[in-house]
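Participant: After the structure tokens below, expect a handful of questions from me.
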Amino acid sequence: MEVILKQDVSNLGYKNDVIKVKNGYCRNYLIPKGLAIIATETNKKVVAETQKQRAFKEEKIKKEAQKLADSLQNITLKIGAKAGTSGKIFGSVNALQIAEAIKSQYNFDIDRKKIIVDGESIKELGTYSAKVNLHKEIKLEVKFEVVAE
């Protein structure tokens, strides 16, 4: 029996995939749990249209992310932190401070969850880099310098 998955099912497929499964598995598990619908011609057309619209939206989001990546390509952020005389800072620099620095210095709003700091934590003055995931296909490396305030 052909079904269209309504959400990702492990070891079976992803959302909106049209797959063949055994009749009992479809009737007793997939459909009652709301994981799939029967793949009639009408349902296939609806899924095709949904995928077409989603592809258009994804392309628009990807273009915006690429434009942002091009803008942030060769920047160096300056992040101020209170530091002792030996160069160690009080506390540490994390993704939140990097996101705030990008917002204040370049006026780009990036979610802190999309920023991954190399290493565990930054506790000394110096130059470091962080990875920014703007889109699942667009990743960017941003350099930042931790300076004493």
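Participant: Write out the chymotrypsin sites (Phe, Trp or Tyr not before Pro) in segment 11-41 meeting two conditions: DSSP loop, and at most 14 other Cβ atoms within 10 Å of their Cβ.
Facilitator: Tyr14
Participant: List the lysines whose Cα sits under 19 Å from the Cα of Lys123, skipping any in the same chain fewer than 8 residues away.
Facilitator: Lys78, Lys82, Lys88, Lys131, Lys143
Participant: For the chain, which longest stretch is free of loop sites, where a loop site is one of the trypsin sites (Lys or Arg not before Pro) that DSSP puts outside H, G, I, E and B and that has at most 15 other Cβ atoms within 10 Å? Intermediate results must be reported in sequence, preceding the final value.
Facilitator: On the way: sites that count: Lys15, Lys22, Lys33, Lys82, Lys136.
That would be 83-135.
Participant: Please determine, in degrees from 0 to 90 and to the nearest 10, the orientation of helix 95-106 with respect to the longest principal axis defined by the Cα atoms of the chain, where the helix direction is its Cα long axis.
Facilitator: Helix 95-106 sits roughly 80 degrees off the main axis of the chain.
Participant: Here's another thing I want to ask about it. Hey, which lysines would be in cross-link range of Lys52, C-alpha to C-alpha under 28 Å, not counting anything within fewer than 8 residues on its own chain?
Facilitator: Lys6, Lys15, Lys20, Lys33, Lys44, Lys60, Lys62, Lys63, Lys67, Lys114, Lys136, Lys139
Participant: Restricting the calculation to Cα positions, tell me the Rg (one decimal) and the Dmax (whole number) of the chain in Å.
Facilitator: When restricted to Cα atoms, the chain yields Rg and Dmax of 23.3, 72 Å.
Participant: In a shell of Cβ-Cβ distance under 9 Å around Glu2, excluding Glu2 itself, what net charge do Lys and Arg (+1) and Asp and Glu (-1) give?
Facilitator: Local net charge: +2.
Participant: Mind telling me which of Thr50, Thr40, Thr76 comes out most flexible in a GNM of the chain, alpha-carbon contacts under 10 Å?
Facilitator: Per the Cα network of the chain with a 10 Å cutoff, Thr40 tops the list.
Participant: Summarise the long-distance tail of P(r) for segment 32-103 by giving the % of C-alpha pairs beyond 14 Å.
Facilitator: Numbers: 1990 of 2556 pairs.
Taking all Cα-Cα pairs of segment 32-103, the fraction more than 14 Å apart is 78 percent.
Participant: Next question. Treating the angle as unsigned and between 0 and 90°, give the value, to the nearest 10°, between the Cα long axis of helix 41-71 and the longest Cα principal axis of the chain.
Facilitator: Around 10 degrees separate the two axes.
Participant: Taking R0 as 22 Å, what's the FRET efficiency between Ile75 and Lys113 from their Cβ-Cβ distance, rounded to 0.05?
Facilitator: Rounded to the nearest 0.05, the efficiency is 0.65.
Bear in mind these aren't lab numbers, they're just calculated from the coordinates by the rules spelled out. Not measured: the values here are computed from a predicted model. Ideal geometry is used to build each Cβ from the backbone, glycine not excepted, and the neighbour counts take in all protein chains shown.
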